[in-house]
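Participant: Below is the structure I would like to discuss, written out as C-alpha cells.
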Amino acid sequence: MSAFCKEHELKKAAENDLPTLVDLDKRGLLIGATETSEEYVNRLKVFQKNLSEMESGLKKDKKFTVEDLTFPESEKIPEKTFNSPAKITSELYDFKIDWVPGFYITPDFGMLFGGCAYSFDPDFFSLFIIRNSFKKKNKWLFYERDELMSHELCHVARFALKSNTYEEMFAYQTSTSGFRRKFGSMMRAAWETYLFMAILLGMLVTQVSLIVFYSKWLASRSLTENPVHWFYAALFSLVSFLVLRQSRQNKLYKKTLENFEEITKKPRALAFRLNDKEMDSFVKMKKITKENFIETLNTHNCSDIRLKIISERFLS
C-alpha cells in the first residue's frame, strides 16, 4: 500500500494548511465532527505508529496479531486489488483509500462470512478482512469482492464520525444489487439482529417441542391457540417495522440529496461527510442554502477546520 502520511503533511495539517487537509480528505482520512486540526493530526500520528508496528511485525515474523486474530503476511491483499473498490468509492463519495491494510482470512466462525472492517477506538487503527475465497475470484455465493471491499472502505473512512443511523446506508450504496442498496441497512443496531434471531430460534424450539411432545394437543387447537403463530406474528411485526423505517429513511435521504444539489455538484459526497445528528437536521429541512447549511453545522459544534474542508471541497 501507499505510504500513510509523510511527516511534512502532518506538520502542514497541524498548521491548518487547507490544501493539505483537503488532500487528506480525498484520501478517505475524514476529520471527526468536532475535531480540531490538532486532535485530528494526533489521531493520524497514532494510526501511523500502529501501522508501522504492524508492518514491522509482518516483515520480521511474517505475521501480525491483534485481539487474538493473526494476519499472515502471505495473505495480505495486493495493492492492485484495491483499484476497482477505490473507483467505486471515488465515484460515489469522492475519496480513494490507499493506506488501509487488508487480508484474505476466513475466521473460524465464518461459514457464511464475507468480510468485515476492524477499527479500534481511540487509536484509529483500521484494517479489514475478506474471506480466502476472494483470493482467486471476484464472486462467492451472493458476495462480490469489489462490493465488499468498497463497503468496508466506507466504514473505515467514516470512523471518526461515530455514526449509527446512516452508517450502513452509506456503505450499502456500493452494492450492485438494488435491493441491498435500499434495504441492506434495515438493521441498524445489534439488539435488532439479536431480537430477529431470538424470534427465529424461539419459533424453531416451540415447533419442535409441540410436534415431539404435544402433537395430539396441537391437533385440537385453533390457529390462534398455536403458540408458533405468535412467533410468526412477532416476526412479521419486526420485519414490517424495519422495512417501513428504512423506506422512510430512503425517501428522506433522496429528498435531502435533491436539496443538496442546490448547493453542491456532489450531493452524495457531501452527505457522506456528515454525522447522524447533522443528517437528521438536514432531512427535516424543506430548503437548503449554503448559508443555512453552514449555520446548521455550527449549531452541532462543527469545528472551524472541518467546516473549511467541507466548504472548500463541496460548497465553493
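Participant: Give a residue-ordered list of calculated ³J(HN,Hα) values for the range 173-180 (Karplus: 6.51 cos²θ - 1.76 cosθ + 1.60, θ = phi - 60°; whole Hz; x for Gly, Pro).
Facilitator: With coefficients 6.51, -1.76 and 1.60, one gets 5, 7, 6, 7, 9, x, 5, 5 Hz.
Participant: Nearest 20 debye, what's the magnitude of the dipole of the chain about its Cα centre given +1 on Lys and Arg Cβ and -1 on Asp and Glu Cβ? Could you put the intermediate results ahead of the total?
Facilitator: On the way: 47 positive and 41 negative charges, 225 e Å.
The dipole of the chain has a size of about 1080 debye.
Participant: Count charges around Asp146 for me, please; just the other residues with Cβ under 13 Å from its Cβ, Lys/Arg as +1, Asp/Glu as -1. Don't skip to the end; give the middle numbers.
Facilitator: Working: positive: Lys80, Lys87, Lys137, Lys139, Arg145; negative: Glu91, Glu144, Glu147, Glu152.
Net of charged neighbours comes to +1.
Participant: Mind checking the full-extension length gain between Glu73 and Thr193? Use 0.36 nm per residue of separation minus the Cα-Cα distance, one decimal, nm.
Facilitator: Working: separation 120, 0.36 × 120 = 43.20 nm, distance 3.37 nm.
Length difference between fully extended and current span is 39.8 nm.
Participant: When the chain is treated as a GNM, springs tying every alpha-carbon pair under 10 Å, which of Tyr194, Tyr172, Tyr40 comes out with the largest mean-square fluctuation?
Facilitator: Of Tyr194, Tyr172, Tyr40, the Gaussian network model singles out Tyr194 as fluctuating most.
Participant: For the range 169-316, with only Lys/Arg (+1) and Asp/Glu (-1) charged at the beta-carbon, what is the dipole magnitude about the Cα centre, in debye rounded to 20? Please report the intermediate quantities before stating the final value.
Facilitator: Details: 23 positive and 12 negative charges, 82 e Å.
That gives a dipole near 400 debye.
Participant: For Lys162 paired with Phe113, estimate the spin-label separation in nm (one decimal), with each label point 7 Å from Cα along the Cα-to-Cβ line.
Facilitator: Result for the modelled spin labels: 2.9 nm.
Participant: Show me, for the range 296-302, the HN-Hα J-couplings you get by feeding each phi into the Karplus relation (A = 6.51, B = -1.76, C = 1.60, θ = phi - 60°), rounded to Hz, glycine and proline as x.
Facilitator: 5, 4, 5, 5, 9, 6, 4
Participant: Across the chain, where is the longest run that never hits trypsin sites (Lys or Arg not before Pro) in a DSSP loop with at most 14 other C-beta atoms within 10 Å?
Facilitator: In the chain, the maximal stretch lacking such sites is 63-135.
Participant: Also, I was wondering about something else. Given the Cα-Cα distance of Ser281 and Leu210 and 0.36 nm per residue of separation, how much length would full extension add, in nm? Before the final figure, lay out each step's value.
Facilitator: Working: separation 71, 0.36 × 71 = 25.56 nm, distance 5.01 nm.
Additional length available on full extension: 20.5 nm.
Participant: Given a Förster distance of 45 angstrom, what is the FRET efficiency for Val22 paired with Leu200, based on the Cβ-Cβ distance and rounded to 0.05?
Facilitator: Numbers: r = 48 Å, r/R0 = 1.06.
So, using R0 = 45 Å, E works out to roughly 0.40.
Participant: For the chain, what is Rg from Cα atoms divided by 2.2 N^0.38 Å, rounded to two decimals?
Facilitator: Values: Rg = 22.9 Å, N = 316, 2.2 N^0.38 = 19.6 Å.
For the chain, the normalised Cα radius of gyration is 1.17.
Participant: Taking the Cα centre of the range 1-162 as origin, sum charge times position over the Cβ atoms of Lys and Arg (+1) and Asp and Glu (-1), and report the length of that vector in debye to the nearest 20. Show your work: numbers first, answer last.
Facilitator: Values: 24 positive and 27 negative charges, 136 e Å.
Using only the charged Cβ atoms, the result is roughly 660 debye.
Participant: Going toward the positive end of the dipole of the range 1-162, with +1 on Lys and Arg Cβ and -1 on Asp and Glu Cβ, which of Pro107, His151, Thr20 do you reach last?
Facilitator: It is Pro107, whose Cα lies furthest towards the positive end.
Participant: Also, quick follow-up: Which listed residue (Ser303, Val243, Thr289) has the Cα farthest towards the positive end of the charge dipole for the range 182-316, taking +1 on Lys and Arg C-beta and -1 on Asp and Glu C-beta about the Cα centre?
Facilitator: Thr289
Participant: Relative to the present Cα-Cα distance, how much length would full extension add between Arg268 and Arg248 at 0.36 nm per residue of separation?
Facilitator: Details: separation 20, 0.36 × 20 = 7.20 nm, distance 1.79 nm.
Residue separation times 0.36 nm, minus the Cα-Cα distance, leaves 5.4 nm.
Values quoted throughout were computed directly from the atomic coordinates according to the rules given, and no laboratory measurement underlies them. These numbers were taken from a predicted model, which means no experiment stands behind them. When we count neighbours, we look across all protein chains shown, and the Cβ atoms used for this are built from the backbone with ideal geometry, even at glycine.
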